[in-house]
Amino acid sequence: MNPDKSEFWVGTFHGRHNSVLAKVTATCDDARPEPYIWTCTCGETQTFLTKDPVFPTAWRHTHPTPVDRLRHWATRLLHTRAAS
């Protein structure tokens, strides 16, 4: 990530996705309509209008609860069956 003058670092979270190491970086860019954003090394990104939801969602992305894991498993299963 090459931060420009309007972007600054907010936080970094380290965790795992299905036993693979992942890193989420949260930044703020005043030039964007939704200035707060987090980006994961897995390719997922989320943007927000305020900084309040940035930290909880980034943390849960790298440290999913059992319910989050079950939801992810069910979604993956449904997509696999739909593709067949």
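The values are calculated or read from the model by the stated rules, or taken from the named source; none is laboratory data. Computed from a predicted structure; not experimentally measured. We place every Cβ from the backbone using ideal geometry, glycine too, and count neighbours over all the protein chains shown. Only protein heavy atoms, including side chains, enter the accessible area calculation; ligands, DNA and RNA are left aside. Shrake-Rupley method; radii C 1.70, N 1.55, O 1.52, S 1.80 Å.
Couple of notes before you dig in:
- Residue in region 44-55 that is over 21 Å from residue 6 (Cα atoms) and surrounded by fewer than 12 Cβ atoms within 10 Å (Cβ to Cβ) present: no
- Evaluation of residue 41 against (1) under 12 Å from the mean Cα position of the chain (by Cα); (2) open to solvent by less than 80 Å² (accessible area, probe 1.4 Å); (3) not small (Gly, Ala, Ser) (one fails), failing number: (2)
- Condition check for residue 10: out of contact with any Leu (no Cβ under 9 Å at 6 or more places or on another chain), closer than 21 Å to residue 66 by Cα and aliphatic (A, V, I, L, M): no
- Spans of strands (runs of 3 or more DSSP E) in region 1-71 with at least 1 residues basic (Lys, Arg): 7-17, 20-29
- Checking 10, 67, 54 one by one, the residue that is out of contact with any Cys (no Cβ under 8 Å at 6 or more places or on another chain), of a type in the set (A, V, I, L, M) and in contact (Cβ under 8 Å) with a residue 40 or more places away in the chain is 54 and no other.
- Of the residues making up region 24-38, those that are over 9 Å from the mean Cα position of the chain (by Cα) and within 18 Å of residue 12 (Cβ to Cβ) are 27, 28, 29, 35, 36.
- Number of positions in region 1-31 that are modelled with pLDDT under 90, surrounded by 10 or more Cβ atoms within 10 Å (Cβ to Cβ) and among the aliphatic types (A, V, I, L, M): 1
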